[in-house]
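The next block holds one structure in the form of C-alpha cells; read it before the comments.
Bear in mind these aren't lab numbers, they're just calculated from the coordinates by the rules spelled out. If you're wondering where the values come from, they're calculated on a predicted model, not measured in any experiment. Here Cβ is always computed from backbone atoms with ideal geometry, including for glycine, and neighbour counts include all displayed protein chains.
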Amino acid sequence: MPSPYDNCRRRRAARSISMAGHMAAIAMLAVLLGITQPKTGSAADFDAGWQAYQAGDFLRAFNEWQPLADKGDKRAQFNIGVMYDEGKGLRQDRSKAIGWWTKAADQGDPEAQHNIGLAYLAGTGVRQNYDEAVSWLRKAADQDLARSQYALGRMYDYGFGVEKDPDIAAKWVLKAAEAGFDKAQYNLGKRYRDGLGIPKDSQVATQWFRKAANQGHARAQQHLATRYLTGDGIEKSPTQAYMWFILAIRGGNKSAQKEKDAVGAELTSEQRLKAEQMAKDWRPPSTIGKSG
Amino acid sequence: MRNLVLVMLVSVWLFQPASAAEKTSPDVAREFIQRLGNEAVKLLADKELPLAQREAKIRELLRGNFDFRTIGRFVLGKSWRRATSDQRADYLTLFSEFVLRTYARRIGGYANDAFKITSATPLGRSDAIIVTAIAQPVGPAIRAGWRVRNNGGNDYKIIDVMVEKVSMAATQRSEYDAIVRQRGVDGLIELLRAKVGSYSAQPS
C-alpha cells in the first residue's frame, strides 16, 4: 500500500540526527558496564550499522552493511534485503530484496529462508508460487524457526503447495506453539477445541488460549473470557471474564464490547472495579513471538 | 488516469455508512487529526527508543483511531457476505495488522517533523476529509487526505486515506477482488498472513 510519506524517506535517511551524541552515550554506558570489547573489522561495522538503523539513519546503516554484504556476511545481506523490502532509506524494490535474501538463505540463514517463502506465498518480488513457498518455509521450519513452522502448518490446513493434511498441520503448529509463538498457541487452542488434527480436549484448549492471551493476543483473550463465563475447561469466574474482555477490546477486538457489557451488568460495582483495576495493571509477561 | 478517477468515484459512492451515521463535523474531525498527529510527532521524537518499539507505539496509536471493521468490510466487497464467521474474523485481524504494520513501518523511522492541516471539508453524505501536508527538507510537502467518520457520540475514526487523491481502500478493494477470484477468501487470508509474517532487520 503506498503511503503519504513515500517520498520523504530518502531525504530523511540522509540526515544524521544527533548521532554523535547518541553514540557517545552508548559507548560510555558500555564502558561503565564493562562490556566493551575492541571492535575490529566486520563486527564494528555491523554494529555501527545497527545503531544507525535504530536511530532511523538508514542511509548510514546501508553504507555500513553494504561492504559486509558484498563480502558474504549473511546478516548484513538479510538486513539490506529488509531495507529494500520495506523501502527504508532506499527506493522500495522487492526483487532486490529477494536477491539479497537468496544470498543469505543459500548460506542457511533461516529468517531469509522464511521471508523468501512468504514472498512466494504472497507473490511480492517474485511470481506467486505455492510449491516454492512450501519448499523455503520447510527449510526454515526444519531449523526450528517458529514462525515458519506455523506458516507451514497453515499451508497443510489449506492444501496450498501440499496435500491438505490436518494431522501434519497440527504437528507443525504444535512445534511453533511450544516455542512460544502466540498465533500458533491461539490456533492450537482452536484445534483442541474442535479436534482438528488433534484429539478434542477442552481443558488443553483453554490452556493454549491462556498462553496466547498472556502474550496479548486479543482474540485469544476474548476466547479465554468466554470460557471463564461458560466454565469450558476452566472454573467459572465472571470477574476474570470481564477483565479479559476489557483486554481484548483494548487489543483491538471490538466485537468483545457487547459481551463485556453483558457481563458487566451482572457484576457488582465492586467486582467491576476490581476487574478494571486488574486489566489496568495487566502487562504481557512475555513478548516471545511478537518481535519483528 | 481514467482508472484513478473511477477508483475515486467507487470510493465515494460505495463507501456509505451501513447505518445512518451522525454527521461528521469537519471542525471536530480537524481537531481529531491534529491531536493524532501531535501524538505521533511526540512518539517519533523519542530517539532513545529502539526503532521496533517506536514502530510498535505508532501501531498502538493508530489501532485505536482507525475503524478497521468498516474499512475491512468495504475492502472485501461482496465476498464479505459469503465469508464464514471464522474467515471474517481471520481476515479482519490480518487486514488490520497489515495496515497497521505498513503505516507504522513507514512512519516509525521518521524524524519528528511537524505536519500541517491544509483543509477540512465535508465528504459524501456523512464524512469529512482532512488534508495534511508534511514538510520535507527538500522538495514539495507530501499531501494526504484522511477520511474521518463520526460513528455517533463523537466517536471519530479514520475510515480511509487518500494519497494523490486515490482512495487506499478502493485500491485495495480492486486488488483483493482479483485475489479472491483466483484463490478464494482463504487464498486472500494466506496472502495477508504472508504479508504480516515476515522478519524485519535483525541484530548480529
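General remarks:
- Look at A:MET83, B:MET162 and count the other Cβ atoms within 10 Å of each Cβ; fewest to most, that gives B:MET162, A:MET83.
- About its Cα centre, the dipole of segment A:64-110 is roughly 80 debye, where the only charges are +1 on Lys and Arg Cβ and -1 on Asp and Glu Cβ.
- Least to most buried among A:GLU259, B:GLU55, B:GLU164 (fewest other Cβ within 10 Å first): B:GLU164, A:GLU259, B:GLU55
- Whole-Å distance, taken between Cα centres, linking segment B:28-66 and segment B:143-204: 19 Å
- Per residue, the average separation of C-alpha pairs within less than 8 Å and at least 6 apart gives segment A:216-282 a relative contact order of 32 percent.
- Sum of side-chain charges, A:LEU145 neighbourhood, beta-carbon under 13 Å (Lys, Arg +1; Asp, Glu -1): 0
- Checking the Cα-Cα distances for A:LYS71/A:LYS103; A:LYS254/B:LYS157; B:LYS23/B:LYS116 against a 18 Å cut-off, the pairs over it are B:LYS23/B:LYS116.
- B:ALA135-B:ASP177 pseudo-label distance in nm [points 7 Å out on the Cα-to-Cβ vector]: 4.2 nm
- Segment A:216-282: C-alpha gyration tensor shape, a/c 1.5 cut-off, then a/b vs b/c: rounded
- Over 29 Å between alpha carbons, listed pairs A:LYS88/A:LYS139; A:LYS171/B:LYS57; B:LYS57/B:LYS195; A:LYS74/B:LYS195: A:LYS171/B:LYS57
- In loop segments of segment B:47-102 as defined by DSSP, the trypsin sites (Lys or Arg not before Pro) with at most 13 further C-beta atoms inside 10 Å of their C-beta are B:LYS78.
- Approximating the spin labels as points 7 Å out from Cα along Cα→Cβ, the B:ALA45-to-B:ARG143 distance works out to 2.8 nm.
- Where chymotrypsin sites (Phe, Trp or Tyr not before Pro) fall in DSSP loop in segment A:55-124, at most 16 other Cβ within 10 Å: none
- Bridging of A:LYS236 to lysines at a Cα separation below 16 Å is possible for A:LYS260, once same-chain residues fewer than 8 apart are set aside.
- Summary value for segment B:22-192: 28 percent relative contact order, contacts being C-alpha pairs under 8 angstrom separated by 6+ residues.
- Summarising the label geometry, the points placed 7 Å from Cα in the beta-carbon direction at B:GLU22 and A:GLU235 lie 4.4 nm from one another.
- Segment B:111-204, relative contact order [Cα under 8 Å, separation at least 6], %: 14 percent
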